[in-house]
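Asker: First the structure, then my questions, so here it is.
Read-outs: derived from the displayed coordinates by stated rules, not from any lab. The structure presented is a predicted model; accordingly, all values stated were derived computationally and were not measured. Neighbour counts are summed over all protein chains in view; Cβ atoms, including those assigned to glycine, are modelled from backbone coordinates with ideal geometry.
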Amino acid sequence: MIDIVRGFLNDWYFWTKSLHIIVVLTWMSGIFYLPRIFVYHAERAPAGGETSEIFKVMEMKLYRYIMNPSIILVWVFGLMLVFTPAANVDWTQIWPYAKGAAVIGMTWFHMWLGARRKEFLADVNTRGGKTYRMMNELPTILMLVIVFAVVLKF
């Protein structure tokens, strides 16, 4: 049975890798955009107002319909790659662990954004635009770690 799974993973390696890259791009688009929406929501849309309600719809649709499916597929295709013999991951090097830690950090950030979205939804956000601007730098740092780890294989 294990040989059948390994054969399947090897046969589909390039498809899996391609799909992983596509959903990473989709997820990262949301990861970068949602905090920007939060900046404008916090700074220009008083709780309970019409503009605030428009932002709530935008935030919900981005998070629920784009970011959530993307994060699930990132993890599915990423784990498939981890178990694909053709991927030839060298577990004696640091890079797979650095990438894994950064992906876990990015996943935490995704969940943090979800919690902030619920605060906006309940009209109880206490953070200003500056907080969301600063937090928007975190995924950039994590992305750099991931890309350099995978490409340079340090």
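Asker: Helix 138-152 sits at what angle to the longest principal axis of the chain, using alpha carbons and giving 0 to 90 degrees rounded to 10?
Answerer: That works out to roughly 10 degrees.
Asker: Can I ask one more? Among the lysines, which fall within straight-line cross-link reach of Lys56, defined as a Cα-Cα distance under 20 Å, with same-chain neighbours fewer than 8 residues apart omitted?
Answerer: Qualifying lysines at Cα under 20 Å: Lys118, Lys130.
Asker: Per DSSP H run of n ≥ 4, the term is -39500 (n - 2.57); total these for the chain, divide by its residue number, and report the mean residue ellipticity at 222 nm rounded to 500 deg cm²/dmol.
Answerer: Numbers: 7 runs with 118 residues, N = 154.
So the helix-based figure for the chain works out to -25500 deg cm²/dmol.
Asker: Go ahead and set up a Gaussian network model of the chain, Cα springs under 10 Å, then flag whichever of Asn68, Asn136, Asn125 fluctuates most.
Answerer: Of Asn68, Asn136, Asn125, the Gaussian network model singles out Asn125 as fluctuating most.
Asker: Taking neighbour counts of Cβ atoms within 10 Å as a proxy for exposure, in what order, fewest first, do His41, His110 appear?
Answerer: Working: His41 23, His110 20.
Going from sparsest to densest Cβ surroundings: His110, His41.
Asker: Additional query: Helix 68-82 versus the longest principal axis of the chain: what is the Cα-based angle in degrees, 0 to 90, to the nearest 10?
Answerer: So the inclination is approximately 20 degrees.
Asker: Give me the dipole magnitude in Debye, nearest 20, for the chain about the Cα centre, with unit charges on the beta carbon: positive for Lys and Arg, negative for Asp and Glu. All intermediate terms of the calculation are to be shown ahead of the outcome.
Answerer: On the way: 15 positive and 10 negative charges, 47 e Å.
For this selection, approximately 220 debye.
Asker: How do 26-38, 45-57 rank on mean C-beta neighbours within 10 Å, highest first?
Answerer: Descending mean neighbour count gives 26-38, 45-57.
Asker: Still on this structure, please answer the following. When we measure straight from the Cα of Lys61, which aspartates and glutamates land under 16 angstrom away, once same-chain ones fewer than 8 places off are left out?
Answerer: Cross-link targets: Glu53, Glu119.
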